[in-house]
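One structure is given below, encoded as structure tokens.
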Amino acid sequence: MSYRETVIRMAPGSAEATMLDRLADQMVRLEVRIDAAFETPAHAHRGGQIFWPAAGSAVIGTAEGRWCVPTGCALWMPPGLMHDASTDGGLHMHGILVPVEAAAGLPADCRVLPFSPLLRELALRAATWPEARPLDDRQRRVVAVMLDEMAAAPPTRLLLPMPRDRRARRLALALLAAPGSRRPLAEWARLAAASPRTLERRFGAETGLSVAAWQRRARLLAALDLLGRGRSVTAVALELGYDSPSAFTAMFRRTLGMTPAQYRDTR
């Protein structure tokens with residue numbers, strides 16, 4: 001599938017939804033190329049999906065929050081889960097549609113897993129299979145191993161939980177739009193029409209994170225996207241408001257266990 005639109009329509013009856021529903025009872029490989037920034041409205045699929053970007057990155061929104069899926073990571077999307085999707089640039093993505101019966105026993109929520117050496121090799125092999133054809137027994141066994149890897153994956157920090165309170169959500173959306181902003185919370189609070197104390201309380205209760213910790217994670221997700229698009233470590237650090245590339249590198253290593261350069265070079 002190849003797109004040039006900025007909005008991909010996934011409503012019932014659309015060409016995309018019809019095709020995915022037609023294939024929902026089979027295990028098949030798909031490949032998606034999107035030329036520019038895009039978004040989809042909230043929708044769900046009958047079957048499950050594994051997707052991994054070969055270039056670019058996607059953001060998946062669910063009731064739980066926003067999942068960043070950069071190059072070098074894979075996403076498990078369970079059957080029937082409402083979600084939207086977007087990217088700020090082009091996207092080349094491979095995927096496997098997983099029938100409902102094959103998804104039994106797998107997580108009922110999204111999982112994002114950075115590629116292990118095993119998962120990377122399995123994904124490279126799967127990317128060579130014919131598109132939109134039912135997989136044979138050997139290929140299905142490869143997918144079974146991929147699903148086992150994703151089911152056993154520990155929680156990652158690639159989820160950005162979204163607050164439900166309208167004032168806290170207003171702040172969250174503003175921070176997402178300006179991840180490099182160094183504006184103090186007191187100024188953001190005026191925009192959100194709430195006191196800093198109220199915002200801290202709502203973020204803590206609804207996301208499990210302080211406002212500052214939430215903003216750090218939002219910056220991390222933005223950094224993964226920019227690095228996946230080939231931006232230099234220095235350019236990413238400056239764009240996201242870090243005092244220096246070394247400060248950015250220290251945060252990145254502390255959170256993900258590798259430097260930004262190591263992350264970029266393994267993509």
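Data table
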quantity	calculated
Cα gyration tensor, the stretch 134-267 - rounded (a/c under 1.5), prolate or oblate	oblate
Relative contact order (percent, whole number), the chain, Cα cutoff 8 Å, 6+ residue spacing	17
Per residue solvent-accessible surface (Å²) - the stretch 74-220, probe of 1.4 Å	49
Total formal charge among the other residues, if their Cβ is under 11 angstrom from that of Arg217, Lys/Arg +1 and Asp/Glu -1	+4
The stretch 28-164: relative contact order as a whole-number percent, Cα under 8 Å and 6+ apart	32
Stokes-Einstein diffusion coefficient of the chain, Kirkwood radius over Cα pairs, 20 °C, 1.002 mPa s, in µm²/s	110
Exposure of Thr128 as accessible area (Å², to 10), given a probe of 1.4 Å and all protein chains	100
Gyration tensor (alpha-carbon) shape descriptor, the stretch 170-241, a/c threshold 1.5	prolate
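The values are calculated or read from the model by the stated rules, or taken from the named source; none is laboratory data. Please read all numbers here as calculations on a predicted model, not as lab measurements. Reconstructed Cβ throughout: ideal geometry from the backbone, glycine too, with neighbour counts over all protein chains shown. Side chains included, ligands, DNA and RNA excluded: accessible areas come from the protein's heavy atoms. Shrake-Rupley method; radii C 1.70, N 1.55, O 1.52, S 1.80 Å.
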